[in-house]
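Report on one structure; see the data block that follows.
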Amino acid sequence: MATTTAPPTVINAKLNGQDIQTKPGTLLINLTKELGIEVPAFCYYEGFSLQAACRMCLVQVNSSPKLLPGCTTIVTEGMVIETESPLVVEARKSMLEFLLTNHPLDCPVCDKGGECELQDMVFKYGAGESRFVDIKHHEPERPFSPVVYYDPARCILCYRCVRVCDEGYGVNALGVVNRGVLSEIAPNRGDQLNCDECGACIDICPVGALTSNTYRYKTRPWEMKHVGTTCAHCSNGCKTTLGVRNDEIMRANNRDSSGLNEEFLCIKGRFGFDFNHHPDRLQSPMLRIDGDLQPVSWSKALAAVAAKFNEVKAAGGKFGIVASNRTSNEENYYLQKFARTGLGTNNIDHARTGDVVTLVDALSGKQGKLATMADLYQTKAALVIGSDLAQQHPLLAYELRRNWRHHQARIYAMTPGPVREDKYAAATARVAFGEEIAALEGWREQLAKEPELLILFGDSIKGASLRQLVDFGESLGIPVKYVALVDYANSRGAIDMGLVPELHPGFVPSGQPGLTLPEMLDDSQLDVLWVVGANPLANRSQANPKAFVVVQDLFLTATAARADVVFPAASAYEKKGTVTNVTGEVQRLTAAVKTMGTKTDLEIFGLLGKEMGLELGIWSPDAVFNEIRQNVRGYNVTMPILATGGAAPTTPVNGKVNVETRSDLVHSAGDTLFTSGSMTKYSQVLNTVAERPGQLYKPV
Amino acid sequence: MSIALSAATEARWQKILDAYPEGRKRSAVIPMLIFAQDETGIITRELMEEIARRAEVDYLQVEEVVGFYSMLRKQPLGKYHVQVCTNISCMLAGGMELWHHACESLHLKNKQTSADGLISIEEVECMGACSWAPAVEVNYDFHHHVTPERFDEIILELKGKG
Ligand code: SF4
Ligand code: SF4
Ligand code: SF4
Ligand code: FES
């Protein structure tokens, strides 16, 4: 008679003499980690495939005559494990001696020195002497690309870089060529890389074999201050930790895995901070005197603008205010208050990059419909419409891919051209912009079978088609969440803070008519055009050649060049405040550096308001954020989450927005991995990589 | 296609490619490399690119394989590649002396080719012919219990064949 035994739910084992219990299927190395016992490891890396290449994690197990690698050994019933026995200690010494046989021991000049895993391990577990007397095989250091450098002599062949690139990013640009002592990492195009240039391989390298051109040989880790803040570029809102020395950003990474992106960063987040110290940064206010922009003092520039604003206001003249996709929530909130209560105008708008307003309206009355970043990693199924995620929303692409790798999530991609998701998607379709809704019907049956769905859509879905999309989603009979893709670091915060004429902060209808961005530019009666961190006159002029133009920016953009007054603004890395990412999560900005002569936009608003004699309230970021928390629906977020550098989800609205929104104005700039709007020009890194400017929907 | 292989090699490629299920064509990379090398004697970049394309892998993945296996060669060798085993069984039976004899009599060093391109030599590890040590392999043909005298005869035969 056949008997069946239920699979065990608990495994009993002995670890260093202690009885322990664990779940079936637990990797030995994870068990020791849980119990706070260190088993040294190089090639093992959580989240990636097992490699067992370095043999650093060898432990003694009763069932085996030989030592076993803890990183690939599953704990089984009755196992007796020793992690500190003399044999294990001896093995570690030998493995390190072996790894060092061809390692140059140039720690004093190596970038990794001070935070090198090999250095730490040799210090802790290694032998002081080597028996190796032969000549080391040396190959010179070489560039794989303008950002990634490789020093083969330092490489310990752990395959971490190969796996992060292939499995993590889906790029697969690195491999290992040759054999034995001649083995080395090779890039995918002969001696050069053709890849995302994300630098993840550099950060994951346990030693100094892969280094970054922006950082190498410049400083040592302990000489820097490490400042956690939010990436200044795209809407995904990666947390980044800036290494700062002498008021200069030396590097960016997120090795502590804090924040919603854990260790992820793309090229813009990891290397694209260099715009910050570009020599063209504006460092003094400028006033147009005798037809030319000339540097003047802050007081003179502020007085000139205040006088003009007061004059136009008194005469009942017309203001137009163009706000930014990158300024902080506090600045946005303060600016719209300045416009509405200080100047008495509703003519305020920004370049809208995603139709969040219609989405929020279409979902009114429903709960939990807006996805957070965590949902991307957890959802069972996701549908991407009209966006090349790997190019336009790198973190979202990474999270979906990670979800697929770890949880077999099913991804559906409906785009006008091939995208990286094609490789692993459950279904993909080439559908031209505007035809998506009709095409979706073809997937209805399949999608309705999913337990849940997360829909991400680009700027081709807006207004009526967005309402149709929501109807479609809600008719599937499964839980559906949505993400309206927007472009920049605070595109979402711009809408939430009411930088549109039709809405006050928190999606409250303004009830007053106001000019939209194109209307302002086309208005030949406009008296003042006030542009904050935007470049609306890049390819056109304002209809009134006499309009008084005030610009706040980092650089002398085309718009700034046409201005009557230019204020040099601080960058996102130079200010305190908050931004809201594409999935509606609020994160903190922390001032890491300062550029002489600049002021934050918030300070400029505050000083200008004061100069005009307005009562707009305190302009400290904390005070304004408090006001936001009290007044803006959905922004009453948990402070400790923010204070510790986390992402606090917002919960916007739960009712009809009841406003005619100009969905037709929604337009994504179509930035790629290697562009970042008008900031692209000022990042040397983005301009030197061979892959620039990137490409959306490459022809098949 | 940028490289021209004989119909026979093409057929061998196709057969091996068909032997693996969809999505697993990577498995065919090594046999494809060997079949092509049998015909051309050398693995070129174009060849690796072509194999990468057909086996649906990245070029670098083919390059990794070629770099790893010493049987796959990016440098041309002689028409007759003479491999002498000096691994333990053969060494005990005189393999090392045989190898030195090979080098001296042909005036060649390891992996070098004669000026006329006819003969190249290589010191190799175990070829699985231990029972008949010392063993020599010329291309795919084995010669057993080879003495220096027998070695000279083999070389003469090869030269005779041209
Ligand atoms: S930079 Fe990024 S994409 Fe390029 S090789 Fe390294 S990990 Fe891969
Ligand atoms: S380069 Fe670094 S990460 Fe890559 S295999 Fe070598 S040591 Fe490991
Ligand atoms: S994905 Fe976006 S937020 Fe993240 S590092 Fe790249 S540009 Fe910055
Ligand atoms: S960590 Fe186990 S073999 Fe590398």
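The values are calculated or read from the model by the stated rules, or taken from the named source; none is laboratory data. Since this is a predicted model, take the numbers as computed values, not measurements. Backbone-built Cβ (ideal geometry, glycine too); neighbour counts: all protein chains shown. All accessible areas refer to the heavy atoms of the entire protein, side chains included, with ligands and DNA or RNA removed. Shrake-Rupley method; radii C 1.70, N 1.55, O 1.52, S 1.80 Å.
Projected onto the charge dipole of the range A:190-344 (+1 at Lys/Arg Cβ, -1 at Asp/Glu Cβ, origin at the Cα centre), which of A:Ser212, A:Ala314, A:Ala200 gives the Cα projection farthest towards the positive end?
Most positive-ward Cα: A:Ala314.
First compute the accessible area of the range B:80-161 with a 1.4 Å probe, then give the percent of it belonging to carbon and sulfur atoms.
Taking all protein chains in place, the range B:80-161 shows 55 percent carbon and sulfur surface.
Return the long-range amide H neighbours of A:Phe144 (sequence gap of 5 or more, or a different chain), with a cut-off of under 5 Å between placed amide H atoms.
Close amide H contacts, sequence-distant or interchain: A:Tyr149, A:Tyr150.
Could you tell me the distance between the Cα centroids of the range A:384-401 and the range A:51-125, to the nearest Å?
37 Å
What is the distance, in nm, between label points placed 7 Å from the Cα along the Cα-to-Cβ direction at B:Glu104 and at A:Asn539?
The answer from the label model is 8.0 nm.
Roughly how crowded by other chains is peptide B:60-68, in terms of the mean Cβ count from those chains within 10 Å of each of its Cβ atoms?
Mean shielding count: 6.
Once all Cα-Cα distances of the range A:1-56 are split into 10 Å bins that start at 0, what whole-number percent is in each one?
19, 41, 28, 9, 3
Go through A:Lys698/B:Lys74; A:Lys225/A:Lys380; A:Lys136/A:Lys218; A:Lys124/A:Lys225; A:Lys66/B:Lys15; A:Lys268/A:Lys300 and tell me which ones have a Cα-Cα distance over 31 Å in this structure.
A:Lys698/B:Lys74; A:Lys225/A:Lys380; A:Lys66/B:Lys15; A:Lys268/A:Lys300
What per residue convex hull volume, in Å³, comes out for the range B:75-162 when only alpha-carbon positions are used?
Residue-normalised Cα hull volume stands at 82 Å³.
Tally Lys and Arg at +1 and Asp and Glu at -1 over the other residues with C-beta under 12 Å from the C-beta of B:Cys90: what net charge comes out?
In short, -4.
Sorted by average packing, counted as other Cβ atoms within 10 angstrom per residue and highest first, what order do A:267-276, A:129-138, A:407-416 take?
The densest-packed peptide leads the list: A:267-276, A:407-416, A:129-138.
What number comes out for the charge environment of B:Arg45, summing +1 per Lys or Arg and -1 per Asp or Glu over other residues with Cβ under 12 Å away? The partial results should precede the final answer.
Working: positive: A:Arg189, B:Lys74; negative: B:Glu46, B:Glu49, B:Glu50, B:Glu63.
Taking every other residue near B:Arg45 into account, the sum is -2.
What dipole magnitude, in Debye to the nearest 20, does chain A give about its Cα centre under +1 on Lys/Arg Cβ and -1 on Asp/Glu Cβ? Spell out each step's value before the answer.
Values: 69 positive and 77 negative charges, 44 e Å.
Here chain A has a charge dipole of around 200 debye.
Taking 0.36 nm per residue of sequence separation and subtracting the Cα-Cα distance, how much length would be gained by fully extending the chain between B:Asn139 and B:Ser6, in nm to one decimal?
Once the chain is fully extended between B:Asn139 and B:Ser6, it gains 45.9 nm.
Starting from the Cα gyration tensor of the range A:117-277, multiply each eigenvalue by 5, take the square root, and state the resulting semi-axes largest first in whole Å.
For the range A:117-277, the semi-axes come out at 28, 20, 15 Å.
Over the C-alpha atoms of the range A:338-433, what are the Rg and the largest Cα-to-Cα span, Dmax, in Å?
Here Rg and the maximum Cα pair distance are 17.5, 54 Å.
To one decimal place, what Kirkwood hydrodynamic radius in Å is obtained for the range A:498-589 from all pairs of distinct Cα atoms? Show your work: numbers first, answer last.
Details: mean 1/r = 0.0666 Å⁻¹.
It is 15.0 Å.
What does the charge count around B:His143 come to, taking other residues whose C-beta lies under 11 Å from its C-beta (Lys +1, Arg +1, Asp -1, Glu -1)?
Summing Lys/Arg as +1 and Asp/Glu as -1 gives -3.
May I ask which residue of B:Leu156, B:Gly117, B:Gly94 lies farthest towards the positive end of the charge dipole of the range B:80-161, with charges of +1 (Lys, Arg) and -1 (Asp, Glu) on Cβ and the Cα centre as origin?
B:Gly117
Tell me the volume per residue, in Å³, of the convex hull enclosing the alpha carbons of the protein assembly as shown.
That works out to 228 Å³ per residue.
How large is the accessible surface of B:Cys126 in square angstrom, using a 1.4 angstrom probe and rounding to the nearest 10?
Surface open to solvent at B:Cys126 totals about 80 Å².
Please report how far the C-alpha centroid of the range A:622-680 lies from that of the range A:552-593, rounded to the nearest whole angstrom.
15 Å
Just the accessible area per residue of the range A:209-363, please: how many Å² with a 1.4 Å probe?
Normalised by residue count, the accessible surface of the range A:209-363 is 32 Å².
Going by alpha carbons, how many degrees (0 to 90, nearest 10) lie between the helix axis of A:621-631 and the longest principal axis of chain A?
Taking Cα atoms only, the helix is inclined about 80 degrees.
Report, in deg cm²/dmol and to the nearest 500, the calculated mean residue ellipticity at 222 nm for chain A, where each DSSP H run with n ≥ 4 adds -39500 (n - 2.57) and the sum is divided by the residue count.
Numbers: 22 runs with 171 residues, N = 700.
Calculated from helices alone, the mean residue ellipticity at 222 nm is -6500 deg cm²/dmol.
How would you rank B:138-151, A:78-91, highest first, on the average number of other Cβ atoms within 10 Å across their residues?
A:78-91, B:138-151
What is the calculated FRET efficiency for A:Glu77 to A:His406, with r their C-beta to C-beta distance and R₀ = 22 Å, to the nearest 0.05?
Result of the calculation: an efficiency of 0.25.
What accessible area, summed over both chains, is buried at the A-B interface (1.4 Å probe, Å², nearest 100)? Could you put the intermediate results ahead of the total?
Details: alone 28230 and 9230 Å², together 36630 Å².
Chain pair A/B: roughly 800 Å² of buried accessible area.
If one computes P(r) from the Cα atoms of the range B:1-130, what percent of pairs lie at distances over 19 Å? Let's see the in-between values first.
Details: 4786 of 8385 pairs.
Counting pairs separated by more than 19 Å, the tail of P(r) holds 57 percent.
Please compute the per residue accessible area over the range A:526-651 with all protein chains in place, 1.4 Å probe, rounded to a whole number of Å². Spell out each step's value before the answer.
On the way: 4620 Å² over 126 residues.
On a per-residue basis, the range A:526-651 sits at 37 Å².
So, in nm, how far is label B:Arg24 from label A:Ser620 when the simple model puts each one 7 Å beyond its Cα toward the Cβ?
6.7 nm
Rule-of-thumb check for the range B:7-68: C-alpha Rg over 2.2 N^0.38 Å?
Rg over 2.2 N^0.38 Å, computed on Cα atoms: 1.01.
Normalised by the number of residues in chain A, what is the relative contact order in percent for Cα pairs under 8 Å and 6+ residues apart?
For chain A, the relative contact order is 15 percent.
Principal axes first, then extents: for the Cα atoms of the range A:11-99, list largest minus smallest coordinate on each axis, whole Å, largest first.
That works out to 35, 31, 23 Å along the principal axes.
In whole angstrom, note down how far apart the Cα centers of the range B:139-162 and the range A:312-366 are.
Between the Cα centres of the range B:139-162 and the range A:312-366 lies a distance of 89 Å.
For the range A:356-485, what does the alpha-carbon gyration tensor say about shape, rounded, prolate or oblate, given a ≥ b ≥ c as the root eigenvalues, a/c under 1.5 as rounded, and a/b over b/c as prolate?
Rounded shape, in that the Cα axes give a/c under 1.5.
The range A:201-311: percent of C-alpha pairs farther apart than 20 Å?
54 percent
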